[in-house]
Amino acid sequence: MNRSRLAPGAGIVTAPGDRPVLRTSEGEFLRIDTGHVGPGELVDRLTEGEGRTSSAELDRLVAAFEEAGHAETEPRRPPLTGRTVHLLGDPVLTEPLARFAAAEGAEVQSASASDVAGLAGRRDTAVVWCLDSPVPEGTWDEADRLPARHTAWLRCHREGAHTWTEPLAAAPGDVTAAHVRLRRLAATAAHRELAAYWAGHRTPDTGPHPTEPAAALIAALLTADLIAWASGEPHRGSGLPARRRLRRIDLRDLTVTEHPVLPVPEVAPLPAPTVRTAP
């Protein structure tokens, strides 16, 4: 007999005088037809891992829970187990992110800009770069090449009172930092001014810098994107997938807005000019 238990987030609810109901990890309520199995026997098996009695019918019922993903025989490993996360950038953001990623099973390592090119091609590796400032021109050019070699690339930066977390890129054709810049320029009438801001033609930074709660929120959002990458990004709910989602966090009130973003196709080269000779 296997020692199956309810999956994390799932539970059995028994209303007085009624049949037991499964509350799934997604929050749905499903009625359970236990047949000739007593509800108490099923609950014992799925909460204690074993029960006072056993039967072929009870075994089949437990197996149905397992096949549907509502029960499991072994505890789940943390979602980032077996993944390596290299962190670059400002400690106000990388330190909480390091704690959160490690808590989810990742092997976390510090890196520098000179390390980035050597990380390309490592499929179980993610590079995360967090800046508490606008991105200087050319800083992320080398890292933008990582997805073409199947290494995950995730980043965030601050512009004034807003921190932006950009889409996770992990494969050729995903959204890079250069794509995000082009999309943002195309979406605003103030494209010349925004380009000048990025190029450094601005007054000195006055913050606000992320507080401890704000940094924790940003780190949690980035960790969620890493989990989506590690799990093959099963898309749930009505939100945007991690590889197509640009987030803006307002550091003044910690509100988060999401914006869809698509990669920018390469521009086809112009045809070679036709050279005509005089007759």
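Reported to two decimal places, what Rg/Rh ratio describes region 84-260 when computed on Cα atoms with Rh from the Kirkwood expression? Rg/Rh for region 84-260 comes to 0.94. Rounded to the nearest 20, the Cβ-based charge dipole of the chain about its Cα centre (Lys and Arg +1, Asp and Glu -1) stands at 780 debye. Taking the charge dipole of the chain about its Cα centre, with +1 at Lys and Arg Cβ atoms and -1 at Asp and Glu Cβ atoms, the residue from Leu217, Ala195, Ala242 reaching farthest to the positive side is Ala195. Each label point was placed 7 Å from the Cα along the Cα-to-Cβ direction; for Arg123 and Ala171 their separation is 1.1 nm.
Computed from Cα positions, the angle between helix 91-103 and the longest principal axis of the chain comes to roughly 30 degrees. Stokes-Einstein, applied to the Kirkwood radius of region 91-171 over Cα pairs at a viscosity of 1.567 mPa s and 4 °C, places its translational diffusion at 98 µm² s⁻¹.
Think of the chain as having a plus end and a minus end, set by charges on the Cβ of Lys, Arg, Asp and Glu; of Gly118, Ala186, Phe100, Ala186 sits farthest toward the positive end of this dipole. Just so you know, the Rg over Rh for region 161-206 is 1.03, from Cα atoms, with Rh as the Kirkwood radius.
So if I take the alpha carbon set of region 120-161, get Rg, then get Rh from the Kirkwood formula, what is the Rg over Rh ratio? Rg/Rh for region 120-161 comes to 1.04.
Relative to the compact-globule estimate of 2.2 N^0.38 Å, the Cα radius of gyration of region 5-72 comes out at 1.01.
Each Cα pair under 8 Å and six or more residues apart adds its sequence gap; the mean of these over the residue count of the chain is a relative contact order of 14 percent.
Read-outs: derived from the displayed coordinates by stated rules, not from any lab. Note that this is a predicted model, so its numbers are computed, not measured. Heads up, the Cβs are rebuilt from the backbone with ideal geometry, glycines too, and the neighbour counts pull from every protein chain shown.
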